[in-house]
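Q: Handing you a structure now.
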Amino acid sequence: RQVPKLLENTNDPKNLVNDLNAAMPTKYTPFFAKGDLPVGLYVQYEKTVPKVYRQTWSAQPAMKRLLGEVPKEEIYTKLIKPNMLDVTSQYLKGANVSVWKSIFGNKNMAYLATFDRSGWIPVAFSRFSWYGRAIFKNIGKNILYLPMVCENKRMIPEGDPFVIKNNGEKKILKCNRNKKIDMVLIRKFPFFSYTAAHSVSLKGCKIEGANDRHFKDAKLLFQIDHYPFYMQQIDLAIPDSFRYAHLIAPNHEAIRVAEFDCYTDSCGIFKKLVDVGTQRSRFENAFDDDLNSYTVGRWVRHDFGSRQQIDRIKFCPRNDTNCIIPGYEYELFYWDKKWISAGKKIARDYRLKYENIPSGTIYWLKCLTKGKEERIFTYENGKQDWW
């Protein structure tokens, strides 16, 4: 065995192995309890592993035989090599699963593919028997697969996608157009631990207002008593006027802040207060309305130039910008033997709502404005589950 404990793809922080399945170095990985997370959000600590192959110096007899017997147009050469050896059992606690050839299918080879932004990528292969069944051994569990065949070096779906559950059960996903659902989407990509980690140091931080530049007359406006995973909004019950405002870490740790903004309410219209030293401030990345940029320090401080009434405060930790961003355009797709668009929407809030979407299948949310990280998901009980 090549690992202390066989991997299970269960997203259990106790079963992380650096560089193999951990999303970030285990020494620095923060762990969150269920109550630490907003509804519908969970932290992905692990990179799931579907198969493990080893490249050998010499050709493997089984692979030479396979390549000699199967038509070349059915071989996906980016996966199948003569000098490869399946060593999954040394690393992974997998399951066996079978797929069937379509009624009029005439292919010899079956593939299982997982999805990334570039499309379906084959990760496992097996030969169909004479009666049309292909058995895949030691397949990673808790992963979504699509059966496929190769025709003239082009991959074609051969059946419905399915998930191998933790108990080894195969859950087939079929698009149900007769049962429609409403969806509230909060992300387009899993919330990995390396992103969640940026929120840890903000818990316990204080937001204070003052009129003395050394904050000798500081007044507490809000103390962060939770992990702020994304943009947070605080409406002050009793507004007050200050020249200065800061977000400060009481334990003197470095905090990473993407945005820290203060607003004043003018007849029901909230106007962002401008820092008079924004262009020359070392905190300018926290004031630039760009969630991709951030500043690092023990505090982030505003100087408004004169006393200004503060009614609302927004702040956001360093993040991956894979949450829904107001003003960005998105497009949702669902799978029904191919990807079908459910429509484009411009986000008005940090959540994106879609109505009357076919249920029971897999979905893919693309941001058309910017950003490249995307993953497919299923949607159950009002939550996105990522694959």
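The values are calculated or read from the model by the stated rules, or taken from the named source; none is laboratory data. Given the structure is predicted, the values throughout are model-derived calculations rather than measurements. With ideal geometry, Cβ positions are generated from the backbone for all residues, glycine too; neighbour counts draw on all protein chains shown. Surface areas here come from the heavy atoms of the whole protein model, side chains and all, with no ligands, DNA or RNA. Shrake-Rupley method; radii C 1.70, N 1.55, O 1.52, S 1.80 Å.
Q: Picking from GLN308, LEU352, HIS252, whose Cα lies most toward the positive end of the charge dipole for segment 229-366 (charges on Cβ: Lys, Arg +1; Asp, Glu -1)?
A: Most positive-ward Cα: LEU352.
Q: Less than 13 Å apart at the alpha-carbon level, and either on another chain or at least 8 residues along: which aspartates and glutamates does that give for LYS101?
A: GLU158, ASP160
Q: Choose one answer from ASN11, ASN83, ASN319: the residue with the largest mean-square fluctuation in a GNM of the chain with alpha-carbon springs under 10 Å.
A: Among ASN11, ASN83, ASN319, the largest mean-square fluctuation in the Gaussian network model of the chain belongs to ASN83.
Q: If each residue of separation counts as 0.36 nm, what is the full-extension length gain between HIS252 and LYS78 once their alpha-carbon separation is subtracted? Please report the intermediate quantities before stating the final value.
A: Numbers: separation 174, 0.36 × 174 = 62.64 nm, distance 5.06 nm.
That pair, HIS252 and LYS78, stretches by 57.6 nm at full extension.
Q: Now for a separate question. With springs connecting C-alpha atoms under 10 Å apart, model the chain as a Gaussian network and identify which of LYS216, LYS153, LYS314 has the largest mean-square fluctuation.
A: Of LYS216, LYS153, LYS314, the most mobile in the Gaussian network model is LYS216.
Q: While we're here: With the contact rule set at Cα under 8 Å and sequence spacing of 6 or more, what percent relative contact order holds for segment 204-261? Mind showing how you got there, number by number?
A: Values: 69 pairs, mean separation 24.7, N = 58.
It rounds to 43 percent for segment 204-261.
Q: Given the DSSP H assignment, sum -39500 (n - 2.57) over each helix run of at least 4 residues in the chain and divide by its residue total; what's the result at 222 nm in deg cm²/dmol, nearest 500? Walk me through the numbers on the way to the answer.
A: Details: 2 runs with 13 residues, N = 387.
When only DSSP H runs of four or more count, the value is -1000 deg cm²/dmol.
Q: Hey, if you put +1 on the Cβ of every Lys and Arg and -1 on every Asp and Glu Cβ in segment 144-228, which of ASN211, CYS150, GLN223 ends up farthest toward the positive end of that dipole?
A: Among ASN211, CYS150, GLN223, the one farthest towards the positive end of the dipole of segment 144-228 is CYS150.
Q: Let's test the formula: R0 of 51 Å, r as the Cβ-Cβ distance of GLN2 and CYS267. What FRET efficiency results, to the nearest 0.05? Provide the component values of the computation, followed by the final result.
A: Working: r = 67 Å, r/R0 = 1.31.
Calculated value: 0.15.
Q: Suppose every Lys and Arg Cβ carries +1 and every Asp and Glu Cβ carries -1, with no other charges. What dipole size does the chain come out with about its Cα centre, to the nearest 20 debye?
A: Numbers: 61 positive and 42 negative charges, 306 e Å.
Magnitude of the dipole: close to 1460 debye.
Q: Now a separate question. What FRET efficiency, computed as 1/(1 + (r/R0)^6) with R0 = 22 Å and r the Cβ-Cβ distance, is obtained for THR56 and ASN96, rounded to the nearest 0.05? Kindly include the intermediate steps, with their values, before the conclusion.
A: Working: r = 24 Å, r/R0 = 1.09.
The computed FRET efficiency comes out at 0.40.
Q: Which three extents, in whole angstrom, do the alpha-carbon atoms of segment 32-95 cover along their principal axes, largest first?
A: Result, largest extent first: 56, 26, 20 Å.
Q: Per residue, what volume in Å³ does the convex hull of the Cα atoms of segment 117-199 enclose?
A: Cα convex hull per residue, to the nearest whole number: 189 Å³.
Q: With every protein chain kept in place and ligands, DNA and RNA left out, what is the accessible area per residue of segment 81-191? Probe 1.4 Å, answer in Å².
A: On the way: 5490 Å² over 111 residues.
About 49 Å² of surface per residue is accessible.
Q: Follow-up. Given a cut-off of under 8 Å on Cα pairs at least six residues apart, what relative contact order in percent is computed for segment 234-302? Write down the numbers at each step before the final one.
A: On the way: 88 pairs, mean separation 30.1, N = 69.
44 percent.
Q: Run through every distinct alpha carbon pair of the chain and return the Kirkwood hydrodynamic radius in angstroms, one decimal place.
A: Evaluated on the chain, it is 24.0 Å.
Q: What is the ratio of the Cα radius of gyration of segment 303-381 to 2.2 N^0.38 Å, where N is its residue count, to two decimals? List each step's numbers first, then the result.
A: Working: Rg = 17.2 Å, N = 79, 2.2 N^0.38 = 11.6 Å.
Normalised Rg, Cα atoms only: 1.49.
Q: Here's a follow-up. How big is D for segment 1-150, in µm² s⁻¹ as a whole number, if Stokes-Einstein is applied with the Kirkwood radius of its Cα pairs at 10 °C and 1.306 mPa s? Present the calculation step by step, with values, prior to reporting the outcome.
A: Working: Rh = 17.4 Å.
Approximately 91 µm²/s, per Stokes-Einstein.
Q: Quick check: convex hull over the Cα atoms of segment 312-356, volume per residue in Å³, rounded to an integer? All intermediate terms of the calculation are to be shown ahead of the outcome.
A: Values: hull volume 4.2 nm³, N = 45.
Cα-based convex hull of segment 312-356, divided per residue, equals 93 Å³.
Q: In the chain, with Lys and Arg counted as +1 and Asp and Glu as -1 at Cβ, which of these residues, ASN15, PRO30, ILE139, has the Cα nearest the positive end of the dipole, that is, farthest along it?
A: ILE139
Q: Moving to a separate point now. Just to confirm, what accessible area per residue do you get for segment 1-78 at 1.4 Å probe, in whole Å²?
A: Values: 5030 Å² over 78 residues.
That works out to 64 Å² per residue.
Q: Expressed as a whole percentage, what fraction of the accessible surface of the chain belongs to carbon and sulfur atoms when a 1.4 Å probe is rolled over the protein heavy atoms?
A: Numbers: 9640 of 20060 Å².
Whole-percent figure for carbon plus sulfur exposure: 48.
Q: How many angstrom lie between the Cα centre of segment 256-318 and the Cα centre of segment 190-249?
A: 11 Å
Q: Relative contact order for the chain: what percent, with Cα pairs under 8 Å and sequence separation of 6 or more?
A: Details: 866 pairs, mean separation 59.4, N = 387.
It comes to 15 percent, rounded to a whole number.
Q: Antiparallel DSSP bridges in the chain: what percent, to the nearest 5?
A: Values: 89 of 92 bridges.
Antiparallel bridges make up about 95 percent of those DSSP assigns within the chain.
Q: Probe of 1.4 angstrom, ligands and nucleic acids ignored: what's the accessible area per residue over segment 253-387, in square angstrom?
A: Working: 6670 Å² over 135 residues.
In whole numbers, segment 253-387 has 49 Å² accessible per residue.
Q: I need the per residue convex hull volume for segment 165-282, using only the alpha carbons, in cubic angstrom as a whole number. All intermediate terms of the calculation are to be shown ahead of the outcome.
A: On the way: hull volume 26.6 nm³, N = 118.
Spread over its residues, the Cα hull of segment 165-282 gives 225 Å³ apiece.
Q: Another question, then. Evaluate the charge dipole of segment 264-387 about its Cα centre and quote only its size in Debye, nearest 20, assuming +1 on the Cβ of each Lys and Arg and -1 on the Cβ of each Asp and Glu. Before the final figure, lay out each step's value.
A: Details: 22 positive and 18 negative charges, 28 e Å.
Magnitude of the dipole: close to 140 debye.
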